[in-house]
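Heads up, the thing below is written out as structure tokens.
The values are calculated or read from the model by the stated rules, or taken from the named source; none is laboratory data. Since this is a predicted model, take the numbers as computed values, not measurements. FYI the Cβ positions are ideal-geometry reconstructions off the backbone, even for glycines, and counts take in every protein chain you see. In case anyone asks, the SASA skips ligands and DNA or RNA and just uses the protein heavy atoms, side chains included. Shrake-Rupley method; radii C 1.70, N 1.55, O 1.52, S 1.80 Å.
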Amino acid sequence: MKSIKLFPLITVLAAASLAFVGVAPTAMAASDATRQEAVVATRSFPKTNAVRKNILAESTSTQVESGSDWGGVESLNVPQTKSQAEKDQEAADQKAQEEEQARAQAQAQAQSQAANRSESRSALSTGSATTSSATGIPAAPATATGQALAQYALQFQGYPYVAGGNQPSGWDCSGFVQWVFSQFGVSLPHYSGAQMSVGSPVGSIADAAPGDIIVNSQHAAIYIGNGMVINALNPAQGTQVTSLAVFTSSYVIRRVL
């Protein structure tokens, strides 16, 4: 009875085994087909050819013509450069040289002006001017020229300054000019602003001559040449020879003699 029942079970197991055997090769075949398709897919890309270079060989291989002479290091034309410190030192040396030249030029100019003043004083000491025995004031020369007037005015260096005065005992700037010209028979107003219109005008300092009046509304002086004037300055300095720098603003030049 038991043997009859086992027969159908054995039959079922045998059929199942045959079915499995048939499926396994099919699955393996499918897996192989998939791998083959994948391989085909990767080979479907175009191939690229990369050229391999021997970099070391290319960097060291050179061809030089036989007999070529490339010269030595001494033949190279290398531009000469200077450091910032060297440039700064050169600039400082050049500035010092220029300052030294300027000082030398100023000193030479000062010596020249001093020599001119010395010559003027020498000419006055040997000239025709005489001293009045009564007053001790130098007498004016008989020749009424601008040069003679300038030389005469130079004799009053060091005389005192007095505001509003017009005598050797004390004068201001326009009073000094007024008094000096009066010794040559010329009557001038006292106020410097009024002296701006006396005589005839002179165009520029380049055309000025000794004896001309340099004047503006604040100051008056007598030109003695070489850019210099004699003028009464203030109580502390009195009557002195100075440059035209004493005029801090514009001025006019008037010629009377």
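For SER112 and THR81 in one chain, what is 0.36 nm times their gap in residues minus the Cα-Cα distance, to one decimal in nm?
6.6 nm
What does the charge count near GLY211 come to, summing +1 for each Lys or Arg and -1 for each Asp or Glu among other residues with Cβ under 12 Å from its Cβ?
Here the charged neighbours net out to +1.
Could you give the accessible area per residue of region 179-249, probe 1.4 Å, as a whole number in Å²?
Per residue, region 179-249 has 41 Å² of solvent-accessible surface.
For GLN94 and ALA236, what is the calculated FRET efficiency with R₀ set at 45 Å and r taken between the beta-carbons, to the nearest 0.05?
0.65
How far is it, in nm, from the label point at SER169 to the one at ALA139 when both lie 7 Å from their Cα along the line to the Cβ?
2.2 nm
Return the carbon/sulfur percentage of the accessible area of region 124-257, one whole number, probe 1.4 Å, all protein chains in place.
Ligands and nucleic acids excluded, carbon and sulfur give 52 percent.
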